[in-house]
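The values are calculated or read from the model by the stated rules, or taken from the named source; none is laboratory data. Owing to the predicted nature of the structure, the values given are computational and were not obtained by experimental measurement. In this analysis, Cβ positions are derived from the backbone assuming ideal geometry, glycine residues included, and neighbour counts consider all displayed protein chains.
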Amino acid sequence: MADSPPRQRLLAELRSALGAEHVLSDPQAVQAYAVDWRKRYYGRPLAVARPGTTAQVAAAVRACAAARVPIVPQGGNTGLCGGASPDDSGTQVVLSLSRMNRIRAIDLDNDAITVEAGCVLASIQAAAREAGRLFPLSLAAEGSCEIGGNLSTNAGGTAVLRYGNARELTLGLEVVLPSGDVLDMLRALRKDNTGYDLKQLFVGAEGTLGVITAAVLKLFPLPAARVTALAAVASARQAVALLGLVRRRCGDRVTACELFSDFCLTLVLKHFPATPPPFTARYPHYVLVEFSDTQHGAGLRQLAEEALGDALGDGIILDAVLAASEAQSRALWALRENISEAQAHEGQNIKHDLSVATSHIPEFIEATDAAMARAFPTARAVSFGHLGDGNLHYNFSAPEGVDTDRWMENLAAVNRLVHDSVARFNGSISAEHGLGQLKRDEVVRYKSKLELDLMRAVKTAIDPLGIMNPGKLL
């Protein structure tokens with residue numbers, strides 16, 4: 001289609017609908033949209049269209065549908081599975097939603113906020129905070145990821161334990177369908193029992209069914225008190241026991257519960273040398289617990305101290321520290337949040353974003369660690385994640401002294417070992433990052449034929465031309 005009359009007609013239609021300055025086709029101009037955040041997938045789009053309104057999105061989709069040109073929706077381009085990257089055929093149009101970044105409305109009586117798909121997550125958090133509310137979705141890329149992408153991948157993050165993932169936070173959606181029709185479901189209702197909940201088809205669909213252009217999201221009371229604690233434990237079994245104890249004692253005040261191994265801490269201390277060690281001794285595992293409450297005063301801290309005191313007395317934890325200031329809280333969180341970057345500094349690594357039932361995490365780690373030790377005895381496990389919702393980032397760095405390129409030659413074998421173990425525990429090979437193109441073929445091994453057939457039937461019914469983000473998810 002390169003330089004062909006159909007190509008030129010499509011580009012002319014897009015420029016007429018969006019404005020010439022918002023349709024990029026020069027190779028230099030489209031480069032930033034053609035590669036994913038991890039620089040694993042390099043594409044070559046026909047063009048990048050940057051609509052500023054829902055009507056412009058609809059016009060762009062209609063033009064592409066008429067020309068049978070595939071569309072790749074893209075937000076902040078921070079995904080980890082290549083779900084927002086074009087292929088290298090030179091035939092796909094990247095539809096960037098970044099210009100659609102308005103907060104349309106905040107309804108405090110209904111605790112809801114209506115936002116456009118290109119709103120950066122941190123901007124939504126800030127708008128909610130300025131209104132005296134909390135939007136709890138929080139993840140490492142929140143300063144650059146956009147809410148449309150968060151919804152398309154059903155993003156999780158650190159507060160799922162208390163508030164749920166993106167799916168649970170969504171009240172309504174506005175979606176442009178592959179036909180160019182606008183499906184307006186921007187209803188801020190907690191109860192709507194009128195048949196299929198169509199909005200949930202598009203949450204987690206990775207842009208394969210349509211383009212999310214706006215959303216109504218839940219807001220919550222802004223916490224007035226927060227306590228951050230780090231506990232040392234002997235094993236993942238003790239970590240799960242600690243989670244159970246603090247939830248029994250503190251209920252929904254437990255906002256987050258994160259687990260990481262001592263080797264994770266070793267990497268953070270190595271690659272962030274200004275980081276102070278949290279304890280004078282070293283322990284096998286650490287659990288970061290965040291407590292929050294809408295009530296002012298010292299009651300929350302006392303409750304957290306009593307719960308951790310009981311855990312220490314019962315032998316569940318080996319040591320604990322509570323942050324005495326906001327700065328200390330940030331320092332404790334940095335131990336967890338800097339793990340991925342520290343591992344990246346260590347070199348290429350084999351990553352897994354998996355989930356099993358929280359009750360099965362200890363057994364999963366024990367069984368899979370043992371299997372890895374037999375198959376790759378010198379591999380270094382970097383195991384951390386969201387203990388409260390069963391989501392582990394179960395990664396492996398190269399053995400000490402082994403070239404990381406050489407280590408990555410084991411990618412398929414390690415993936416098979418880990419993913420087969422996930423399946424034995426009835427888990428998922430993608431907890432919060434989606435499938436994209438990275439795990440599109442891998443998931444066929446673990447989902448039933450019936451599940452896959454039903455997914456394909458939904459895709460065919462909504463996108464009969466197959467133009468929405470082809471090559472992703474299915």
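If you check ALA412, ALA431, ALA461, which single one turns out to be among the small types (Gly, Ala, Ser), more than 30 Å from PRO178 (Cα to Cα) and not assigned by TED's automatic domain parsing to the domain that holds ASP252? Step through it out loud before you land on a result.
Numbers: ALA431 fails: more than 30 Å from PRO178 (Cα to Cα); ALA461 fails: more than 30 Å from PRO178 (Cα to Cα).
So the residue among ALA412, ALA431, ALA461 that is among the small types (Gly, Ala, Ser), more than 30 Å from PRO178 (Cα to Cα) and not assigned by TED's automatic domain parsing to the domain that holds ASP252 is ALA412.
Residues in region 379-413 that are part of a helix (DSSP H, G or I) and surrounded by 20 or more Cβ atoms within 10 Å (Cβ to Cβ) were compared, and the one that is farthest from the chain's Cα centre (by Cα) is TRP407. Of everything in region 272-307 that is in contact with a helix residue (DSSP H, G or I) (Cβ under 8 Å, 6 or more places away or on another chain) and aliphatic (A, V, I, L, M), the residue that is farthest from ALA224 (Cα to Cα) is VAL287.
Of the residues making up region 151-186, those that are over 27 Å from ASP353 (Cα atoms) and either crowded, with 20+ Cβ neighbours inside 10 Å or not small (Gly, Ala, Ser) (or both) are GLU174, VAL175, VAL176, LEU177, PRO178, ASP181, VAL182, LEU183, ASP184, MET185, LEU186.
Residue-level check: of (1) surrounded by fewer than 18 Cβ atoms within 10 Å (Cβ to Cβ); (2) small (Gly, Ala, Ser); (3) touching a Leu at 6+ places or on another chain (Cβ under 9 Å), ALA32 misses just (3). Looking across region 1-26, the residues that are of a type outside the set (S, T, N, Q), farther than 22 Å from GLY75 by Cβ and part of a helix (DSSP H, G or I) come down to PRO5, PRO6, ARG7, ARG9, LEU10, LEU11, ALA12, GLU13, ARG15, ALA20. Across region 300-319, the number of residues qualifying as closer than 19 Å to THR280 by Cβ, charged (D, E, K, R) and in a helix (DSSP H, G or I) comes to 0.
Just wondering, is there one or more residues in region 275-285 that are in contact (Cβ under 8 Å) with a residue 60 or more places away in the chain, closer than 23 Å to ILE316 by Cβ and crowded, with 23+ Cβ neighbours inside 10 Å?
No - not one qualifying residue is present in region 275-285.
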